[in-house]
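Values quoted throughout were computed directly from the atomic coordinates according to the rules given, and no laboratory measurement underlies them. What you see is a predicted model, and the numbers here were worked out from it, not measured in a lab. Counting neighbours? That spans all protein chains shown, and the Cβs are built from the backbone with ideal geometry, glycine included.
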Amino acid sequence: MSPEQLRAFCLSFNAAVEEFPFGPQASVFKVLGKMFALSHLDGDPLTVNLKCDPDDAVRLRGEYEGLVVPGWHMNKRHWNTVSAGELPDRVVRELVEDSYDLVVAGLPRAERLRLDRG
């Protein structure tokens, strides 16, 4: 997956926005103010931090050893750093979607309903 593809996919979700609270090099993708992805899109290799169910996080780290690792500078129980440029696009898309869905599931009911109507 290229940086452009990763950005476009992250922004394809309902109410997703890109912000730069950590400087111009760090793209933070949020839904209703909550982060679901963080990436240095010009990084080599291309990586992205994604939220993950704790049990799935451990499983993915074993399944994709070296390509999915505990989240860099994140809560390592809930975040993974994913080598987006090295994993199959299908896998990266699934992990980004899972991250978005986890964040949305944690939003207040009224905000989730607002997203459904959007």
Q: Normalising by the residue count of segment 19-116, find the relative contact order in percent from Cα pairs under 8 Å and 6+ residues apart.
A: 25
Q | Estimated distance in nm for a label pair at Phe20 and Arg109, the labels positioned 7 Å out from Cα along Cα-to-Cβ | A | 4.0
Q) Which value, in debye to the nearest 20, describes the size of the charge dipole of the chain about its Cα centre when Lys and Arg Cβ atoms bear +1, Asp and Glu Cβ atoms bear -1, and nothing else is charged? A) 520
Q) Do any trypsin sites (Lys or Arg not before Pro) in segment 21-55 lie in a DSSP loop with no more than 15 other beta carbon atoms within 10 Å, and if so, which? A) none
Q) What number comes out for the charge environment of Asp98, summing +1 per Lys or Arg and -1 per Asp or Glu over other residues with Cβ under 10 Å away? A) -3
Q | Summed side-chain charge close to Arg61 - residues other than Arg61 whose Cβ falls under 13 Å, Lys, Arg +1, Asp, Glu -1 | A | -2
Q) What residue among Asp89, Asp101, Asp44 shows peak mean-square fluctuation when the chain is described by a Gaussian network model with Cα springs under 10 Å? A) Asp44
**Q.** Nearest-0.05 FRET efficiency for His40 and Asp101, computed from C-beta distance (R0 35 Å)
**A.** 0.90
Q. If the label point is 7 Å along Cα→Cβ of His78, which residues in segment 98-118 have backbone nitrogen under 14 Å from it?
A. 99-108
Q: For the chain, find the longest principal axis of its Cα atoms and tell me its angle to the long axis of helix 89-105, 0 to 90°, nearest 10.
A: 40
Q. Among Leu50, Ala84, Leu107, whose Cα sits farthest toward the positive end of the charge dipole of the chain (+1 at Cβ of Lys/Arg, -1 at Cβ of Asp/Glu, about the Cα centre)?
A. Leu107
Q. How big is the Rg/Rh ratio for segment 39-115, C-alpha atoms only, Rh by Kirkwood, two decimals?
A. 1.01
Q.
With unit charges on the beta carbons (Lys and Arg positive, Asp and Glu negative) and the dipole taken about the Cα centre of segment 1-75, which residue among Pro21, Gly62, Leu32 sits farthest to the positive side?
A. Leu32
(Q) Only Cα pairs within less than 10 Å get springs; with that Gaussian network setup on the chain, which residue of Phe36, Phe13, Phe22 has the largest fluctuation? (A) Phe22
